[in-house]
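The values are calculated or read from the model by the stated rules, or taken from the named source; none is laboratory data. No experiment lies behind these values; they were computed from the predicted model shown. Cβ sites come from the backbone with ideal geometry, for glycine too, and all protein chains shown count toward neighbours.
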Amino acid sequence: MIYKTRKIEKRLLCLAFTVLLLGAVLVGCLWQLRAAPASAQPETDAAERMPAVPILMYHSVCNNRRVHSEYRITPETLESDLVYLKEHGYTSIFVGDLVAHVYEGYALPDKPVIITLDDGYLNNYTEVLPLLEKYNMKATISVVGEFCQTFSDTPDRNPLYAYLTWEDIRTLDDSGRVEIGNHTYAMHELGTRRGCMKIESESEEKYDKVLTEDLSRLQDALTQYSGLTPIVFTYPYGFISEESIPVIKKLGFLAALTCYERINYITGDPEQLYRLGRFNRPAGITTEAFMQKAGI
């Protein structure tokens, strides 16, 4: 009995010693952490250190107030947005600049923002370009091939509904304020196929062929008539099929714009560039409300 008691006492003493030793080690670690310089402190959450790049999506910018909608705003609204961005320290960049950042380490400004315009309306030239020049901004304009061809063949300069010609596109590109994107040649429609999505009954081989031919047609036309070859692809209506990703990569596109409303936290992974999120700018809400929605 005495032996067992002494054995228990010995174990208790060992346990007490271990507790005291661990306590001393813990106090020492806490003291070192407190005394360490800021550079030795634990890093902040990785997501907070990733560049945050909001992308804004516009369409038609015209003066006819009676036809404003989810995809049509006034030049005054756009100007208000640009003023807001300038006053809050944002610098506009091209999608191509973001690509260069990921692939080549191109330095982004402290507060980057990307301004995009879809469909290629003529008013992107007549109304938007002067505002970009006025506020020292850039924009990425994604054009639809069949629209450009129609208005190049039959000129109509009404900014309420007309689209850019091949010559307009060349002028915009030469301005240094605009980057041109591919928005398909003839797949900007909602029919049996939703935009450029794969039809459910369609084989992957057939889909590859259809999408390749359409996008290549616009790439070739832009190279021939406007002297440029886009690296940015923009999904019509934001509809995406996973099967489209290998196709656009094969054709040399380095980034793709969707309609998913989210801020892009750039990780450095090139795959992320093929699913860039954007915030659509509708009429009927204030600049402050729109920018708050976009996290700006």
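Filtering the stretch 189-234 to residues that are in a loop (DSSP other than H, G, I, E, B) and within 24 Å of Leu98 (Cβ to Cβ) leaves Gly195, Cys196, Gly227, Leu228, Thr229, Pro230, Ile231. Of the residues making up the stretch 259-271, none is surrounded by 20 or more Cβ atoms within 10 Å (Cβ to Cβ) and either out of contact with any strand residue (DSSP E or B) (no Cβ under 7 Å at 6 or more places or on another chain) or not assigned by TED's automatic domain parsing to the domain that holds Asp153 (or both). The listed residues are Glu167, Glu146, and the only one of them that is surrounded by fewer than 14 Cβ atoms within 10 Å (Cβ to Cβ) and at pLDDT 95 or above turns out to be Glu167. If you filter the stretch 69-98 down to residues that are surrounded by fewer than 20 Cβ atoms within 10 Å (Cβ to Cβ) and in a strand (DSSP E or B), you find that the one that is modelled with the lowest pLDDT is Ser69. I need the full set of residues from the stretch 235-257 which are farther than 14 Å from Thr116 by Cβ, of a type outside the set (D, E, K, R), in a loop (DSSP other than H, G, I, E, B) and in contact (Cβ under 8 Å) with a residue 40 or more places away in the chain, in order please. Those that are farther than 14 Å from Thr116 by Cβ, of a type outside the set (D, E, K, R), in a loop (DSSP other than H, G, I, E, B) and in contact (Cβ under 8 Å) with a residue 40 or more places away in the chain: Phe239, Ile240, Ser241, Phe253, Leu254. For the stretch 218-231, the criterion of being over 25 Å from Val53 (Cβ atoms) and charged (D, E, K, R) is satisfied by at least one residue. There is no residue in the stretch 278-285 that is under 15 Å from the mean Cα position of the chain (by Cα), at pLDDT 95 or above, more than 20 Å from Tyr121 (Cα to Cα) and among the aromatic types (Phe, Trp, Tyr). Take Ala47 and tell me if it is in contact with a strand residue (DSSP E or B) (Cβ under 7 Å, 6 or more places away or on another chain), part of a helix (DSSP H, G or I) and at pLDDT below 50. Against the criterion (in contact with a strand residue (DSSP E or B) (Cβ under 7 Å, 6 or more places away or on another chain), part of a helix (DSSP H, G or I) and at pLDDT below 50), Ala47 qualifies.
The set of residues in the stretch 111-141 being in contact with a Pro (Cβ under 8 Å, 6 or more places away or on another chain) and under 16 Å from Pro230 (Cβ atoms) consists of Ile114 alone.
Return yes when Glu189 is over 24 Å from Ile55 (Cα atoms), over 21 Å from the mean Cα position of the chain (by Cα), assigned by TED's automatic domain parsing to the domain that holds Val102 and of a type outside the set (S, T, N, Q) and no when it is not. Criteria not met by Glu189.
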